[in-house]
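Single-structure report; data block below.
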Amino acid sequence: MLREATVLAIVGGRYRLYDAGETFEASLRGRIKQTSDKRVLVGDRVSVEMQDEGVGTIEEIQPRRSLLKRRTPGKRRGVRSVVANIDQVVVVGAAADPSWDPHVTDRFLAVAEANHLPSLVVINKADLAQEVAPFAEPYEVAGYRVIVTSVPEYRGLEELRAMLEDQVSLFSGPTGVGKSSILNALHPGLKLKTAEVSARSRTGRHTTVAAEMHPFGDAGFVVDTPGLRDIGLWALGPLEVVQSFPEFERFAGQCRFDNCRHLAEPGCAVMAASKQGDFSETRLRSYRRLLEEAIAAGQP
């Protein structure tokens, strides 16, 4: 008997699947391993042949509506698919403990933009900061939805829940900012591992080691991913960086040179707009850092 299911996790060559409120395991049909040009990913919809003992064999991967991919930097260049069928990326940062880092948030957003995935920004641990508006403003100006949250105060969590209903949402962000704590508060049955921030370095301890999907609400899913240690392995090409800052787009066509990279060229309308306060200078600095990294790495 064939049934369709969603891949929640992949551990040791075994696939944990979900369908109609039931979780079960499956293996991969040998002929798929030999003939398919794409491997099974977390988030895939697959056709499964069920056996009498309640386990299954994956027979076919269904067409995907989206892919989160990453470039591999260094000598071993290439593109690797990470998660399938994502509807949105939720980028979480902390207002304090660890300190807010706009460049790291911008890097996660750029990865989402390069994959043509919509994003929203969550500023967590608002109870630990006197003011969060300066953190939110650059992203609101750029057109992103920003939600301010505090798990102890249950602040902003219902607003966030509404954004997650009926969606497949990938949670990302640096370690220690409270991604798992937010998800546990929204859905206590998840029981995701959390860790305190290191007292010495004020950075988070890494708890999630691989992408894993969890059912959320009636028809949604959330994907918990490794944090900052994983984003360091991502690489973007120069053109991807240029296209990953949406607030620059309406000014870029006004630059003196068609191939302006918004670094130090004369007549750059993007730099002029930044100086006039049309968008945040921190976003322009992040863009330049990412572009210089891509150029130095020789990414195509």
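The values are calculated or read from the model by the stated rules, or taken from the named source; none is laboratory data. Model, not experiment: these values are computed from the prediction. Using ideal geometry, Cβ is built from the backbone for each residue, glycine included, and neighbour counts are taken over all protein chains shown. Please note that ligands, DNA and RNA were not included when accessible areas were found on the heavy atoms of the full protein model with its side chains. Shrake-Rupley method; radii C 1.70, N 1.55, O 1.52, S 1.80 Å.
Show the residue pairs that are 6+ apart or on different chains and have beta-carbon atoms under 7 Å apart, the first residue being within segment 127-140 and open to solvent by less than 70 Å² (accessible area, probe 1.4 Å), the second being assigned to a loop (DSSP other than H, G, I, E, B) and small (Gly, Ala, Ser).
Pairs found: ALA129/ALA95; ALA129/ALA96; VAL132/ALA95; PHE135/ALA95; PRO138/SER280.
Checking the condition under 21 Å from the mean Cα position of the chain (by Cα), open to solvent by 50 Å² or more (accessible area, probe 1.4 Å) and either at pLDDT 95 or above or closer than 30 Å to ALA129 by Cα (or both), which residue from ARG64, ARG39 passes?
Just a single option satisfies the conditions, and that option is ARG64.
Determine, yes or no, whether THR23 is open to solvent by 60 Å² or more (accessible area, probe 1.4 Å), modelled with pLDDT of 85 or more and of a type in the set (Ser, Thr, Tyr).
Yes.
Which of the residues belonging to segment 243-280 are assigned to a helix (DSSP H, G or I), out of contact with any Cys (no Cβ under 7 Å at 6 or more places or on another chain) and more than 21 Å from ALA294 (Cβ to Cβ)?
Once the filter is applied, which keeps residues that are assigned to a helix (DSSP H, G or I), out of contact with any Cys (no Cβ under 7 Å at 6 or more places or on another chain) and more than 21 Å from ALA294 (Cβ to Cβ), segment 243-280 yields ARG250, ALA272, ALA273, LYS275.
Here's a check for you: in segment 141-166, which residue that is open to solvent by 50 Å² or more (accessible area, probe 1.4 Å), part of a loop (DSSP other than H, G, I, E, B) and not charged (D, E, K, R) is nearest to SER99 (Cα to Cα)?
Residue satisfying both the conditions and the ranking: PRO152.
Just one of the numbered conditions (1) open to solvent by less than 20 Å² (accessible area, probe 1.4 Å); (2) farther than 16 Å from GLU140 by Cα is not true of GLY93; which one?
For GLY93, the exception is condition (2).
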